[in-house]
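Participant: Can you read through this structure? Questions will come right after.
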Amino acid sequence: MKLHASTPSALNTFSGYGDGYVLVNGQRFEGKTAGNLIVMPAQLLPWNVAGFDALTEADFEALAGLNLEILLLGTGPKQRFPHPRLIRALAAKRIGVEAMDLQAACRTYNILMAEERRVAAALLFT
């Protein structure tokens, strides 16, 4: 599916997605080749985690320092919820965490980013 912004922007937005990939500002990122990804309005970061089942508290502690209001956790093709102990560091900093499938995370990120919220989408492709 292609998503189109109403006005061009220098900020990172999802311009499309499909099975196993996302487009950020027209650039394609595939889980097979690029790995997992953190998308924020002003930067893209690799997220070096092996997958949902391998997530640890340390993976989320690293995200707690990104000055976020909301973290959208894109859990691949289906919605999955991390154990509350994993996201404890985010809760301690009053960062909201919403888990959803990868495509829903892309759509929600675009809306929140357009509202100028401090948001990040942490995407797991598998």
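Participant: For residues that are among the small types (Gly, Ala, Ser) and either at pLDDT 95 or above or surrounded by 18 or more Cβ atoms within 10 Å (Cβ to Cβ) (or both), tally how many sit in the stretch 27-53.
Facilitator: Count: 2.
Participant: Mind checking which residues of the stretch 33-51 are out of contact with any helix residue (DSSP H, G or I) (no Cβ under 9 Å at 6 or more places or on another chain) and over 22 Å from Leu112 (Cβ atoms)?
Facilitator: Thr33, Ala34, Gly35, Ala50, Gly51
Participant: Same structure, new question: Would a scan of the stretch 78-91 turn up a residue that is small (Gly, Ala, Ser), surrounded by 15 or more Cβ atoms within 10 Å (Cβ to Cβ) and either assigned to a loop (DSSP other than H, G, I, E, B) or touching a Leu at 6+ places or on another chain (Cβ under 6 Å) (or both)?
Facilitator: No: zero hits.
Participant: Out of the stretch 46-102, which residues are over 21 Å from Asp19 (Cβ atoms) and among the charged types (D, E, K, R)?
Facilitator: Glu57, Asp59, Glu61, Glu69, Arg85, Arg88, Lys93, Arg94, Glu98
Participant: Identify all residues within the stretch 112-126 that are part of a loop (DSSP other than H, G, I, E, B) and either modelled with pLDDT under 95 or buried (at least 21 other Cβ atoms within 10 Å of the Cβ) (or both); write none if there are none.
Facilitator: Once the filter is applied, which keeps residues that are part of a loop (DSSP other than H, G, I, E, B) and either modelled with pLDDT under 95 or buried (at least 21 other Cβ atoms within 10 Å of the Cβ) (or both), the stretch 112-126 yields Leu124, Phe125, Thr126.
The values are calculated or read from the model by the stated rules, or taken from the named source; none is laboratory data. Computed from a predicted structure; not experimentally measured. Cβ atoms come from the backbone with ideal geometry, glycine included; neighbour counts cover every protein chain shown.
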